[in-house]
Amino acid sequence: MKTVTLREEYIKLGQALKAAGLTDSGVESKIVIQDGQVMVNGETDSRRGRKLYDGDIVTFRGETVRIVK
C-alpha cells in the first residue's frame, strides 16, 4: 500500500492520484476519475475535486493509497 502525506488539511482526489504515481498527469487523473475507475473508501467516486482527509483510502487499478497526516 502506498501513502500520500498531507501537507495541508486535505488533498483533492486528482492530485492524490498523481502524487502517488498512479497517473502521469492531471489530465489522466481527470479522465480515469470521470470514467468511474477510482474508488474512495470502497465506493466509486467521479469527482476529481473530492477532498481527501487523513485516513481515506483510494483504490485504482489494483493499487491502494492511504492518505495520512
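Brief remarks follow.
- Selection from region 37-69 of residues that are part of a strand (DSSP E or B) and surrounded by fewer than 11 Cβ atoms within 10 Å (Cβ to Cβ): E43
- Residue, most open to solvent (accessible area, probe 1.4 Å), within region 18-32, restricted to residues that are in contact with a strand residue (DSSP E or B) (Cβ under 9 Å, 6 or more places away or on another chain) and assigned to a loop (DSSP other than H, G, I, E, B): G21
- Check on D56, more than 11 Å from the chain's Cα centre (by Cα), on the phi < 0 side of the Ramachandran plot and at pLDDT 95 or above: no
The values are calculated or read from the model by the stated rules, or taken from the named source; none is laboratory data. Note that the structure is predicted; figures quoted are calculated from it, not measured. Backbone-built Cβ (ideal geometry, glycine too); neighbour counts: all protein chains shown. With ligands, DNA and RNA removed, areas are computed over all heavy atoms of the protein, side chains included. Shrake-Rupley method; radii C 1.70, N 1.55, O 1.52, S 1.80 Å.
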